[in-house]
Amino acid sequence: EDAPSRLGVAGRYILTPGVFHEIASQPRGVGGEIQLTDGIAGLLRREKVFAYRYEGKRYDCGSKEGFLQANVELALAHPQLGPGFKEFLQGLDL
């Protein structure tokens, strides 16, 4: 089915204990998986749930390429590692 939005869940949570009851009462998803997002949606019916919309660069560290891209970019931006790492990369025969 089509995704309802272009927003994603990046996954850092501070949740009340009620979420565990909600997760347990949800049907299992594809492959028998339990979905935290379903539990949070259930929790919304009983209490306030807050979120933070992150505005910034996001890396897909779930893929090997994304993980490497994140590490290279963050290494280059690091005040101590960046200059030497940049010099190393420029010396590669690409």
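The values are calculated or read from the model by the stated rules, or taken from the named source; none is laboratory data. In this text, all values refer to a predicted model and were calculated from it rather than measured experimentally. Positions of Cβ are generated from backbone atoms using ideal geometry, with glycine treated the same way; all protein chains shown enter the neighbour counts.
Quick notes on this structure:
- Scanning the stretch 26-39 for residues that are under 16 Å from ARG12 (Cα atoms) and of a type in the set (Val, Ile, Thr) returns a single hit, THR37.
- Contact map, the stretch 32-43: residues that are surrounded by fewer than 14 Cβ atoms within 10 Å (Cβ to Cβ) paired with residues that are among the β-branched types (Val, Ile, Thr), Cβ distance under 8 Å, separation 6+ or inter-chain. Pairs shown: ILE34/ILE23; THR37/VAL9.
- Checking each residue in the stretch 55-83 for being in contact with a helix residue (DSSP H, G or I) (Cβ under 6 Å, 6 or more places away or on another chain) and closer than 27 Å to ILE14 by Cα picks out TYR59, ASP60, CYS61.
- The C-beta contact set for the stretch 71-94 (first residue under 22 Å from ASP60 (Cα atoms), second residue at pLDDT 95 or above and in a loop (DSSP other than H, G, I, E, B), distance under 6 angstrom, 6+ apart or interchain) comprises ALA75/LEU81.
- For the stretch 40-54, a residue qualifies if it is under 14 Å from GLY11 (Cα atoms) and in a helix (DSSP H, G or I), and exactly one does: ILE40.
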